[in-house]
1. For the pair GLU5 and GLU82, how long in nm is the line joining their label points, each one 7 Å along Cα→Cβ?
2. Between SER26 and LEU124, 0.36 nm times their residue separation minus their Cα-Cα distance comes to what?
3. May I ask for the net charge around GLY63, where only other residues with Cβ less than 13 Å from the Cβ of GLY63 are counted and Lys, Arg are +1 while Asp, Glu are -1?
4. Net charge around THR88, counting only other residues with Cβ within less than 13 Å of its Cβ (Lys, Arg = +1; Asp, Glu = -1)?
5. Using Cα atoms only, what is the angle between the long axis of helix 2-20 and the major principal axis of the chain, expressed in degrees (0 to 90) to the nearest 10?
6. What is the extension gain from GLU111 to ASP95, computed as 0.36 nm multiplied by their sequence separation minus the C-alpha to C-alpha distance, in nm to one decimal?
7. With charges set only on the Cβ (+1 for Lys and Arg, -1 for Asp and Glu), what does the dipole of the chain come to about its Cα centre, in debye to the nearest 20?
8. Kirkwood Rh, Cα Rg: Rg to Rh for the chain?
Amino acid sequence: ETVREWYDLTLEAQEAALDAIEAGVSGSDIHDAVCDVYEDAGLPTLRADATAETGFIHTTGHGVGLDIHEYPRLSTQANELEAGHVVTVEPGLYDPAVGGVRIEDLVVVTEGGHENLTDYGKRLEL
């Protein structure tokens, strides 16, 4: 039951991040959109508690290029997104007592939004 709830929340968090992505937006604004979803559901985040060891305990995403982890960061850092940037969008929740859920897509930032390069269904099957 908890895993399904976490999956649904993580999908909602990812959709909030994707809705926020476009050229000129700060990576921190996208990260905040994800934190808002989790915090509104009463789950811990590093934004709300820098010592959190469960909940949303990583950043929302990062650039991909010659290296797998590049700028811009979708995190507390205020990196501005530019058209053509390729970034991951990968919110997730973790707790050793439950397990973890992460949903990751790869997108290209455009002037008016993004193009999602990930083409698979997002239905949870337990």
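1. So the two model labels end up 4.4 nm from each other.
2. Values: separation 98, 0.36 × 98 = 35.28 nm, distance 3.04 nm.
Contour length minus Cα-Cα distance gives 32.2 nm.
3. Details: positive: ARG73; negative: ASP67, GLU70, GLU80, GLU82, GLU90.
Charge balance in the 13 Å sphere: -4.
4. On the way: positive: ARG73, ARG102; negative: ASP67, GLU70, GLU90, GLU104, ASP105.
Neighbour charge sum, excluding THR88 itself: -3.
5. With both axes taken from Cα atoms, the answer is about 20 degrees.
6. On the way: separation 16, 0.36 × 16 = 5.76 nm, distance 3.70 nm.
Stretched fully, the GLU111-ASP95 segment lengthens by 2.1 nm.
7. On the way: 6 positive and 26 negative charges, 56 e Å.
Charge dipole of the chain: 260 debye, to the nearest 20.
8. On the way: Rg = 14.0 Å, Rh = 14.5 Å.
Checking Rg against Rh, the ratio lands at 0.96.
Readers should treat all values here as calculations from the given coordinates under stated rules, not as data from a laboratory. The shown structure was predicted, so the numbers you read here are calculated from the model rather than taken from an experiment. Counting neighbours? That spans all protein chains shown, and the Cβs are built from the backbone with ideal geometry, glycine included.
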